[in-house]
Structure formats: C-alpha cells, structure tokens
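Since the structure comes first, as structure tokens, the remarks are kept for the end.
The values are calculated or read from the model by the stated rules, or taken from the named source; none is laboratory data. Here the structure is a predicted model, which is why all the values come from computation and not from measurement. When we count neighbours, we look across all protein chains shown, and the Cβ atoms used for this are built from the backbone with ideal geometry, even at glycine. Side chains included, ligands, DNA and RNA excluded: accessible areas come from the protein's heavy atoms. Shrake-Rupley method; radii C 1.70, N 1.55, O 1.52, S 1.80 Å.
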Amino acid sequence: MTLRRGCTRGIFAAVALLALVFGAAGCGRTVGGSAYPAGSGTGDTVNTNFDKLLRECEVVTSEDIAKAVGTDSFVQPSFYGAVCMWDLQGAPGGNAMVTLNWYEIGALNNEKANNDKLGYITNNITVEGRRALETRRPNDPDSCGVSAGAADQGVIGFWVNYRPGSSHPDPCGAAKKLVELTLNLAR
C-alpha cells in the first residue's frame, strides 16, 4: 500500500509541475502595441462617466405613462436597473405598476418560447407596423404585457399591472400604447 501511495503522489506531483510549467509559458508571452485609455488615438470620444446607462428608462415620459394607463396620477420611478419600473398612485381602480424591459440582444421568438414555458397566453399583434406579442397570465385580467422588436435590434416590452380585482381599463391597451410611444421615439 505504501508503495502505491508513493506512486500516486508522484504522479500528482508530476501533473501539477507540468500544469505549472505550461501555465507559466502561456502567461509569459509579449504582445506588441501600446496601451491607451478608452477612446484615445481613434479621434472618437468615449463617455466614461457612465451617465447614460439608464437612458432607456426615460424613453417615455412619466406624463405619457400616466396617460397610457388612463389617469393623470402621480408616477414615481421605483426601480431602474435591468428593467425600469414605475408605481402609479391614483390609477383607475387604485394604484398600478408599469414595467419596461429592453433586451438589446433578444428576439420575439425567444419571448414567445419563454411565455409558453411559463404557461402565459400569447397572441400575435401589430404595433407600429411591427410584429408584436400581447401576453397575459392565465386567470389574471388585471395585467398584460406587450413586446415588440426594438427600432434597431432586440426586444422592448411593457407590462401594466392594475390592482387585482379593481375596475380599470384594459391593461393590454395601455401596454400597447406604451410600446407605440417607445417605437415612435426610438426612430
């Protein structure tokens, strides 16, 4: 047993030594050229302040969001990040929520496949001359999402959620209006 352990340790040591030698050889390569800060040397300037990262959250104004949802209520941004969200106080039937998603690399076929996996009901519609998807959750008449191909590439979508069980306009109409506004402004 002792001889066998010694051989095993020797093999592991040899493999570790070979990995170290080949790893060091791969890192020891010199690459020609000069390092420059972002945007220098090309004549183009690059915004390194990152002050426009969430610009898509401003593609539709708060006033237009309120009108689309059917009120002149107070619109308060509640989250800006991977998606943009707004709370609407005083919406028809009580408070409501609006969510914008904008996937720069996305496709409606992927959205449709994901909706199918979630058991959502998806219908093809047209928004601003583009194929779009109108999506509802089963047994949820208080919310609806509309997604369409973005003006350049990717997918944009709005979800409108009214207070459950309240009296309110059709959430799909509001979501469609918000997508229309986004596509008009994005051109």
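In region 165-180, the residues that are closer than 18 Å to residue 73 by Cα reach residues that are in a helix (DSSP H, G or I) with C-beta atoms within less than 6 angstrom, at least six apart or across chains, in these pairs: 174/68; 174/69; 177/68; 178/68.
Out of 140, 72, one residue alone is over 19 Å from the mean Cα position of the chain (by Cα) and at pLDDT below 90. It is 72. Within region 106-127, is even one residue at pLDDT below 85, open to solvent by less than 60 Å² (accessible area, probe 1.4 Å) and farther than 20 Å from residue 162 by Cβ? Looking for residues that are at pLDDT below 85, open to solvent by less than 60 Å² (accessible area, probe 1.4 Å) and farther than 20 Å from residue 162 by Cβ, one finds none in region 106-127, hence no.
All conditions in (1) in contact (Cβ under 8 Å) with a residue 24 or more places away in the chain; (2) assigned to a strand (DSSP E or B); (3) within 16 Å of residue 150 (Cβ to Cβ); (4) out of contact with any helix residue (DSSP H, G or I) (no Cβ under 9 Å at 6 or more places or on another chain) hold for residue 97, with the sole exception of (3). When residues in region 57-86 are screened for being among the aliphatic types (A, V, I, L, M) and in contact with an Asp or Glu (Cβ under 7 Å, 6 or more places away or on another chain), 1 of them pass.
Here residue 133 clears all of (1) of a type outside the set (Asp, Glu); (2) closer than 23 Å to residue 88 by Cα; (3) crowded, with 21+ Cβ neighbours inside 10 Å; (4) at pLDDT 95 or above except the condition numbered (2). Quick one: would you say residue 92 is closer than 26 Å to residue 153 by Cα and surrounded by 13 or more Cβ atoms within 10 Å (Cβ to Cβ)? So residue 92 does not fit the description; no.
Is it true that residue 172 is open to solvent by less than 60 Å² (accessible area, probe 1.4 Å), assigned to a strand (DSSP E or B) and touching a Lys or Arg at 6+ places or on another chain (Cβ under 9 Å)? Please lay out each step first, then the result.
Values: open to solvent by less than 60 Å² (accessible area, probe 1.4 Å): yes; assigned to a strand (DSSP E or B): no; touching a Lys or Arg at 6+ places or on another chain (Cβ under 9 Å): yes.
No: the conditions fail for residue 172.
Of all the listed residues (102, 86), the sole one being open to solvent by 40 Å² or more (accessible area, probe 1.4 Å), under 19 Å from the mean Cα position of the chain (by Cα) and not hydroxyl-bearing (Ser, Thr, Tyr) is 102. When residue 163 is tested against (1) more than 19 Å from residue 95 (Cβ to Cβ); (2) open to solvent by 10 Å² or more (accessible area, probe 1.4 Å); (3) not hydroxyl-bearing (Ser, Thr, Tyr), exactly one condition is not met: (1). For region 38-56, the criterion of being within 25 Å of the chain's Cα centre (by Cα), modelled with pLDDT of 65 or more and under 30 Å from residue 180 (Cα atoms) is met by at least one residue.
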